[in-house]
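The values are calculated or read from the model by the stated rules, or taken from the named source; none is laboratory data. What you are looking at is a predicted structure, and each value in this text was computed from that prediction instead of being measured. Note: ideal-geometry Cβ built from the backbone for every residue, glycine included; neighbour counts use all protein chains shown.
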Amino acid sequence: MKLSVSIAQNAPAPAPFVLRGPYVDSLRKAAALGYDAVEIHVRDPRELEIEQILKVCREEGLTVSTLGTGLGYVVDKLSLTHPEAKVRQEAVKRLLDHIEVASYLGAGVIIGSMRGVIGEAGQFKQYEGYAAEGLALCLEKAKECGVTLFLEAINRYETNFLNTAEEGLDFLVRFNSPYLKLHLDTFHMNIEEVDFSESIKKAGEALGHVHFADSNRLYPGRGHIDFKEIIIALRDIAYNGYIALECLPYPSPEEAAAGALKYIKRLLAGI
Ligand code: LER
Ligand code: MN
């Protein structure tokens, strides 16, 4: 299991991204701390200086695990389930740009908040259909580019669509694609899942990406989630994806990044 840390150049203060500021500075910081990879959160991936990022990654021995797309929802209100077809098309276009950029960076692409919410009571099937249509277009591009998409289960206070691991699995099986995997985030799991280990085992080889944050979304070890149990469950399913730290940058970005790494490495060494 390789360890990644979330980075964002510009993001609203309460967003759960750890290292902030110019991407190149965060890449160097992540490497100096001992991370294997970074997860880049960016509103519009066309803003990324791809050559520069690849150069620093080569120099520092880092990889880019994932591109996070949620800022497209938070800042630009784009989503696959928006009631207006034009906005749904814009959302797909933005995701296609992420997929293309991810192919240059050797990264996967997260579909989290960009799936949107189901905004009309009694119309679940219709909105689920919109999401499926958009995702099918993204999967065509993902296949062409050799990029894996990670569909994140997100808690009920942020969306009413795909909250649990089981709902995520039920939705993604219909695509029967090796380019679409489930993504679990321990912060959301703590709210939605009955049992962390059971959900991880049920996901099994469909699990492609994992976010770590504690119950209060501080860094692991600062809340009451049992990360040892989670790491054992990941080992038991032979999970070989990334564990990406996506938590609040408190008490400071550097302390969160360093504290999490120390805590997770100790747990990994002990199992
Ligand atoms: C994104 O990975 C996530 O977990 C959402 O809660 C967006 O904040
Ligand atoms: Mn997450």
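A few notes on this one:
- Residue match in the range 28-39 (condition: surrounded by 16 or more Cβ atoms within 10 Å (Cβ to Cβ), β-branched (Val, Ile, Thr) and within 16 Å of ligand 2 (Cβ to nearest atom)): yes
- All helices (runs of 4 or more DSSP H) inside the range 185-255 with 2 or more residues being more than 13 Å from ligand 1 (Cβ to nearest atom), in contact (Cβ under 8 Å) with a residue 24 or more places away in the chain and small (Gly, Ala, Ser): 196-203
- The residue that is nearest to ligand 1 (Cβ to nearest atom), among those in the range 140-167 that are crowded, with 20+ Cβ neighbours inside 10 Å and not in a loop (DSSP other than H, G, I, E, B), is Glu152.
Conditions tested, residue by residue: (1) within 23 Å of Leu207 (Cβ to Cβ); (2) within 15 Å of the chain's Cα centre (by Cα); (3) not acidic (Asp, Glu).
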residue	(1), (2), (3)
Glu39	yes, yes, no
Glu47	no, no, no
Glu51	no, no, no
Gly61	no, no, yes
Val74	no, yes, yes
Ala85	no, no, yes
Ala91	no, no, yes
Gly108	yes, yes, yes
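One line per residue, one yes/no per condition, for (1) in contact with a Pro (Cβ under 7 Å, 6 or more places away or on another chain); (2) surrounded by 15 or more Cβ atoms within 10 Å (Cβ to Cβ):
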residue: Lys202; (1), (2): no, yes
residue: Gly208; (1), (2): no, yes
residue: His211; (1), (2): no, yes
residue: Asp214; (1), (2): yes, yes
residue: Pro220; (1), (2): no, yes
residue: Asp236; (1), (2): no, no
residue: Ile243; (1), (2): no, yes
residue: Cys247; (1), (2): yes, yes
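- Residue within the range 58-68 that is away from ligand 2 (no atom under 16 Å from the Cβ), polar (S, T, N, Q), in contact (Cβ under 8 Å) with a residue 24 or more places away in the chain and in contact with a Cys (Cβ under 8 Å, 6 or more places away or on another chain) present: yes
- Of the listed requirements (1) more than 13 Å from ligand 1 (Cβ to nearest atom); (2) surrounded by fewer than 19 Cβ atoms within 10 Å (Cβ to Cβ); (3) not basic (Lys, Arg), Tyr23 misses just one: (2).
- When every residue of the range 84-94 is checked against the conditions, none turns out to be within 16 Å of ligand 2 (Cβ to nearest atom), out of contact with any Ser or Thr (no Cβ under 8 Å at 6 or more places or on another chain) and among the hydrophobic types (A, V, I, L, M, F, W, C).
- Selected residue [surrounded by fewer than 23 Cβ atoms within 10 Å (Cβ to Cβ), aliphatic (A, V, I, L, M) and at pLDDT below 95] from Ala136, Ala85, Ala132, Ala121: Ala121
- Val18 satisfies every condition listed in (1) over 24 Å from Lys141 (Cα atoms); (2) away from ligand 1 (no atom under 15 Å from the Cβ) except (2).
- Selected residue (only one of Ala107, Ala142, Ala165 is under 17 Å from His209 (Cα atoms) and in contact (Cβ under 8 Å) with a residue 60 or more places away in the chain): Ala107
- Test: residue in the range 168-181 that is in a strand (DSSP E or B), more than 10 Å from ligand 1 (Cβ to nearest atom) and either in contact (Cβ under 8 Å) with a residue 12 or more places away in the chain or among the hydrophobic types (A, V, I, L, M, F, W, C) (or both): yes
- From the options Gly116, Gly106, residue that is within 29 Å of Ile243 (Cβ to Cβ) and within 16 Å of ligand 1 (Cβ to nearest atom): Gly116
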